[in-house]
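Working notes, beginning with the structure itself.
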Amino acid sequence: ARCTEMRLPRRAAALLGLIGAQAAHMQAYGPAGFALGSVLGGRHASAPRHLRSVQRAFRATAPVEDPAAAAPRTGGVAYDLGIEAKWQSYWDEQRTFATRRREGKDKKYVLDMFPYPSGAGLHVGHPEGYTASDIMARYWRMKDYDVLHPMGWDSFGLPAEQHAMNTGTHPEVTTKVNIANFKRQLRSLGFSYDWDRELATTDVGYVKWTQWIFLQLYKQGLAFQDEKAVNWCAGLGTVLANEEIIDGLSERGGFPVVRRPLRQWVLKITALGDRLAQELAGLDWPEGTMAMQRAWIGRSEGAEIAFPLLTGQETGGGQNTGGGGHSSVLVFTTRADTLMGATYVVVAPEHPLAVTAAETDPAVAEYIAAASAKSDLDRTVAKSKSGVPAGVNVAHPLTGEALPIWVAEYVIGGYGTGAVMAVPAHDERDFAFAQQNGLPIKQVVAVKTKKSGTGAAAAAKAAAA
């Protein structure tokens, strides 16, 4: 059917003309490409007449795919980079993007993740994300909202400390130089930041308020000192995050990293777990982000159950909050209903009982040393569930049956009590571990699924799901 002539906005016509100027190259893709090229190129009878003249103007300067065959260009206008500098200077002088508060106007806060100002400067990932948020900031300003769109620097970092040790240059000096470079690069990209609101996490005025927040938490009993396992790197002289470790070595410098206890300040997030979880409700966030938040909060409902150490073994370590001398091992479980299916107990390599066992058992000591070189993440996702006997037994709290204690890295010392009752018929990890080490599997809950059938293996899979 023949289309009637249409009138397009000038920008749309120019854009379609540019597309049409390139349409001849589509003929290489066969009949479909030829037909599309004919329409976009203006050779089809239905193409708007005024669009053809625009297309002819663009064809005069259209680029040729093969550089070797490119003819000298005539006409066209070169892009003037001075335009950017001109208007960026104007924005600065007029404070075009300064945050203003007008009575009765709606407001928007468009916040970017602050970059770490490394010596290497911006990488392509920075402006990629910042462009999206800048588009939103400009959009809301054009909708007549009062917009706060600041930029700052997450400027505490290991590279500055290392550079200071290697060169003798104070980290404050290098940090300020790097920030100046980052700022220059960001300004050259024309982002609409309110630079009057710029801050760095190393600013004295900023640190003052982080300390004030900590004091409020301390006064509420939410901050206390405790000994916790950390990723210690002696080569760098600091603690590293899991993400900074690759195959047991520090990402920066390749130094060995081990797990070791360190006395430090910790926050009692568990005291706020219920409130944090409840306040996620109603947030318009992607489900993936919500899942990460729930995992970070780490709220679990369950019970603590004491497994008494058998007579003559009370000198071993017990609860993970104490040393030796306890008479029982305290476990945390979200499935107290499967207690009758417990056939062994597993403690983390950091657990005091494991540390005590290592003093007299070289195999346990060697295993703990190997586990200390792995991050919590590596230990959690490992497909093979390794472990060694601790040489100690506990009594089942209901039947009195003797159950062996194992030391295994798939149990994390910082979760719960650092000890779990193993119910291999109803937990996939316990099931795999029991099969590898010839431990008994006792099913106590009947499970039937279409996919996995019946039996202990099916029960374990269903429990994991």
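Which residue, of Ala45, Ala68, is in a loop (DSSP other than H, G, I, E, B), at pLDDT below 55 and either more than 25 Å from Leu189 (Cβ to Cβ) or open to solvent by 70 Å² or more (accessible area, probe 1.4 Å) (or both)?
Working: Ala68 fails: in a loop (DSSP other than H, G, I, E, B).
Sole residue among the options that is in a loop (DSSP other than H, G, I, E, B), at pLDDT below 55 and either more than 25 Å from Leu189 (Cβ to Cβ) or open to solvent by 70 Å² or more (accessible area, probe 1.4 Å) (or both): Ala45.
Name the residues in the range 324-363 that are closer than 16 Å to Val388 by Cβ and assigned to a helix (DSSP H, G or I), would you?
Leu353, Ala354, Val355, Thr356, Ala357, Ala358, Pro362, Ala363
Considering only residues that are surrounded by 14 or more Cβ atoms within 10 Å (Cβ to Cβ) and β-branched (Val, Ile, Thr), which ones fall in the range 244-265?
Across the range 244-265, the qualifying residues are Ile245, Val257, Val258.
Within the range 379-421, track down each residue that is out of contact with any Leu (no Cβ under 9 Å at 6 or more places or on another chain), among the aliphatic types (A, V, I, L, M) and either surrounded by 19 or more Cβ atoms within 10 Å (Cβ to Cβ) or assigned to a strand (DSSP E or B) (or both).
Within the range 379-421, Val388, Leu403, Ala408, Val411, Val420 meet the criteria.
Considering each residue of the range 211-243, count those that are in a loop (DSSP other than H, G, I, E, B) and either open to solvent by 40 Å² or more (accessible area, probe 1.4 Å) or more than 24 Å from Gly121 (Cβ to Cβ) (or both), and give that number. Give the steps one after another, and end with the answer.
Here is the first cut: in the range 211-243, the ones in a loop (DSSP other than H, G, I, E, B) are 220-222, 234-237, 241.
Subset that is either open to solvent by 40 Å² or more (accessible area, probe 1.4 Å) or more than 24 Å from Gly121 (Cβ to Cβ) (or both): 220-222, 234-235, 237, 241.
So the count comes out to 7.
Somewhere in the range 136-155, is a residue of a type in the set (Val, Ile, Thr) and at pLDDT below 90?
If we filter the range 136-155 for residues that are of a type in the set (Val, Ile, Thr), which is where we start, we get 147.
Then keep just the ones that are at pLDDT below 90; that gives none.
Looking for residues that are of a type in the set (Val, Ile, Thr) and at pLDDT below 90, one finds none in the range 136-155, hence no.
Please work out if Ala271 is in contact with a Leu (Cβ under 8 Å, 6 or more places away or on another chain) and small (Gly, Ala, Ser).
On the way: in contact with a Leu (Cβ under 8 Å, 6 or more places away or on another chain): yes; small (Gly, Ala, Ser): yes.
Spelling it out, Ala271 is indeed in contact with a Leu (Cβ under 8 Å, 6 or more places away or on another chain) and small (Gly, Ala, Ser).
Please list, ordered by first then second residue, the pairs with beta carbon atoms under 8 Å, 6 or more apart or interchain, first in the range 159-178 and free of Cβ contacts under 8 Å to residues at least 40 places away in the same chain and surrounded by 15 or more Cβ atoms within 10 Å (Cβ to Cβ), second of a type in the set (S, T, N, Q) and part of a helix (DSSP H, G or I).
Ala160/Thr174; Ala160/Thr175; Ala160/Asn178; Ala164/Thr174
Each row is one residue, and each column tells you yes or no for (1) closer than 20 Å to Glu84 by Cα; (2) aliphatic (A, V, I, L, M); (3) part of a loop (DSSP other than H, G, I, E, B); (4) touching a Phe, Trp or Tyr at 6+ places or on another chain (Cβ under 8 Å).
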residue	(1), (2), (3), (4)
Glu128	yes, no, no, no
Asn166	no, no, no, no
Thr169	no, no, yes, no
Lys176	no, no, no, no
Ile179	no, yes, no, yes
Arg184	yes, no, no, no
Asp196	no, no, no, no
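Scan the range 422-449 for residues that are surrounded by 16 or more Cβ atoms within 10 Å (Cβ to Cβ), in contact with a Lys or Arg (Cβ under 9 Å, 6 or more places away or on another chain) and not in a helix (DSSP H, G or I) and jot them down.
Ala422, Val423, Asp427, Val447
Could you please let me know if Lys208 is out of contact with any helix residue (DSSP H, G or I) (no Cβ under 7 Å at 6 or more places or on another chain), outside any strand (DSSP E or B) and surrounded by fewer than 12 Cβ atoms within 10 Å (Cβ to Cβ)?
Numbers: out of contact with any helix residue (DSSP H, G or I) (no Cβ under 7 Å at 6 or more places or on another chain): yes; outside any strand (DSSP E or B): yes; surrounded by fewer than 12 Cβ atoms within 10 Å (Cβ to Cβ): yes.
Answer is yes for this residue.
Just name the residue that is modelled with the lowest pLDDT out of those in the range 93-135 that are surrounded by 15 or more Cβ atoms within 10 Å (Cβ to Cβ) and in contact with a Lys or Arg (Cβ under 9 Å, 6 or more places away or on another chain).
The residue in question is Pro117.
Out of all the residues in the range 273-291, which are open to solvent by less than 60 Å² (accessible area, probe 1.4 Å) and either assigned to a helix (DSSP H, G or I) or more than 24 Å from Tyr415 (Cβ to Cβ) (or both)?
Taking the range 273-291 first, the residues open to solvent by less than 60 Å² (accessible area, probe 1.4 Å) are 273, 276-277, 280, 288-291.
Listed by number, the residues that qualify are Gly273, Leu276, Ala277, Gly288, Thr289, Met290, Ala291.
The values are calculated or read from the model by the stated rules, or taken from the named source; none is laboratory data. Here the structure is a predicted model, which is why all the values come from computation and not from measurement. Please note: Cβ atoms are built from the backbone with ideal geometry, for glycine as well, and neighbour counts cover all protein chains shown. Ligands, DNA and RNA are excluded from the accessible area calculation, which covers all protein heavy atoms including side chains. Shrake-Rupley method; radii C 1.70, N 1.55, O 1.52, S 1.80 Å.
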